[in-house]
Amino acid sequence: MFVRWLLPVLWALSAEADFFQFDSISNVSTYYFNYIYCNIWEGECQPNQDDATQQVPTRDLWAGFPQDYISLLHQWYCSMGQCCESGDCRITNNITGLARDLQTKLHGQHLAQSVVLKAIQGFINNPESNKPLTLSFHGWSGTGKNFVARIIADNLYRDGVKSECVRLFIAPFHFPHARLVDTYKGQLREAIRDMVLRCPQTLFIFDEAEKLHPGLIDAIKPYMDHYDNVDGVSYRKAIFLFLSNIGGATINDVALDFWHSGQNREDIGMEDLEHRLRAETMESHGGFAQSELMSGHLIDFFVPFLPLEYRHVKLCARDAYAARGLETDEATLDEVAKAMLYVPKEERLFSAQGCKSIPQRINFFLP
């Protein structure tokens, strides 16, 4: 298949050769060879990359070339991940898709839906941002923090969380030993710098962030600050997400107070929670409280994830069945939802497990 694809291109190159100056053809060949060598095989790039002859060929260069073969070559080049006419092929920035997914796939989280969408949209649409975007997600396990991080990645990047512009760090997995924190600092700084150099817009996700050593957070604090550049590299188009269970009890208390007072869950506003989350994070025992990330006020938004109610769990179960291509009914969804644990026990109001274990739970209800 590859040979069949390549032969017409080679034929076209030879057939149309007299439309070009020889040095132009040479420059094109050199550019694509260097691109493959540097980016596919990760060899050492030639030192003259900034030379004009090494830049991506312009349309003028292909003036006499058949349009079909231009398009074919252009698609092949872009499919390898670097540039398209609309920008970097790896970056999609589908804000419409982000809004739709947050609205239809995320259940019971009106605050997260609103804050995340506005924050991401404002950041993407502002080419003159004076700092990276830093969001801190808070709430019980299973309420959707990881899910939203994945939705963001899926809509901002062609390959989602698998994109080379996205990096996930899980605190206890990637940085398990306190005695190696100095080693981790160097590795983390190098990983972030390398990604920012490779991608014009990057996404860094730190899961279980409350378990990060404060020294690690301080090591990357300059990358989230109001600097034009750090050692010649600009980090202003990076997005940092910190996912944490800190504040889960506070969020639940506020939600329970609203329920006891007869107020609608959707009436809970950021003014009811954000300042309390900030204060609790400052007083926590994890790396956040002791880091300059907090004292420097570098977190743009503390995003609360509310505890999920029975009705939300049913919606998660419905989505889990649909994801497997299975039909279901209300009775089955009720059975799945009833199998979850709820608190307070006497009121069975909030799911203690959220939606995290739903995909595994429905296995027990399959025929």
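The values are calculated or read from the model by the stated rules, or taken from the named source; none is laboratory data. A quick note: this is a predicted structure, and the numbers were derived from the prediction, not measured. No Cβ is skipped: glycine too gets one built from the backbone with ideal geometry, and neighbour counts run over all protein chains shown. For the accessible areas, the whole protein counts, side chains as well, though only heavy atoms, and no ligand, DNA or RNA atoms are used. Shrake-Rupley method; radii C 1.70, N 1.55, O 1.52, S 1.80 Å.
Look at (1) touching a strand residue (DSSP E or B) at 6+ places or on another chain (Cβ under 9 Å); (2) assigned to a loop (DSSP other than H, G, I, E, B) and you find that Asp228 fails only one, number (1). Looking at region 210-220, is at least one residue open to solvent by 50 Å² or more (accessible area, probe 1.4 Å), assigned by the TED database to the domain that holds Ala119 and among the hydrophobic types (A, V, I, L, M, F, W, C)? The answer is no; no qualifying residue exists. Looking across region 247-270 at every residue that is surrounded by 14 or more Cβ atoms within 10 Å (Cβ to Cβ) and of a type in the set (S, T, N, Q), the one that is farthest from Arg311 (Cα to Cα) is identified as Thr250.
Residues that are at pLDDT 95 or above, surrounded by fewer than 17 Cβ atoms within 10 Å (Cβ to Cβ) and not assigned by the TED database to the domain that holds Ala323: list the helices (runs of 4 or more DSSP H) wholly contained in region 87-181 that include at least 3 such residues.
Per the criteria, 95-105, 110-124.
For region 290-311, a tally of residues being surrounded by 17 or more Cβ atoms within 10 Å (Cβ to Cβ), touching a residue at least 24 places away in the same chain (Cβ under 8 Å) and part of a helix (DSSP H, G or I) returns 2. Exactly one residue among Arg100, Arg150, Arg158 is under 14 Å from the mean Cα position of the chain (by Cα) and free of Cβ contacts under 8 Å to residues at least 40 places away in the same chain, and that residue is Arg150. Within region 220-235, the residues that satisfy the criterion of being touching a residue at least 40 places away in the same chain (Cβ under 8 Å) and farther than 11 Å from Lys131 by Cβ are Lys221, Val233.
Among the residues of region 312-334, those identified as surrounded by 15 or more Cβ atoms within 10 Å (Cβ to Cβ), free of Cβ contacts under 8 Å to residues at least 60 places away in the same chain and not hydroxyl-bearing (Ser, Thr, Tyr) are Val313, Lys314, Ala317, Arg318, Ala320, Leu333. Screening Ile205 on (1) assigned to a helix (DSSP H, G or I); (2) open to solvent by less than 20 Å² (accessible area, probe 1.4 Å) shows it passes everything except condition (1).
Results for (1) closer than 30 Å to Pro132 by Cα; (2) not assigned by the TED database to the domain that holds Gln109, shown as yes or no for each residue.
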residue: His260; (1), (2): no, no
residue: Gly269; (1), (2): yes, no
residue: Arg276; (1), (2): yes, no
residue: Met282; (1), (2): yes, no
residue: Leu293; (1), (2): yes, no
residue: Phe302; (1), (2): yes, no
residue: Val336; (1), (2): no, yes
residue: Met340; (1), (2): no, yes
residue: Val343; (1), (2): no, yes
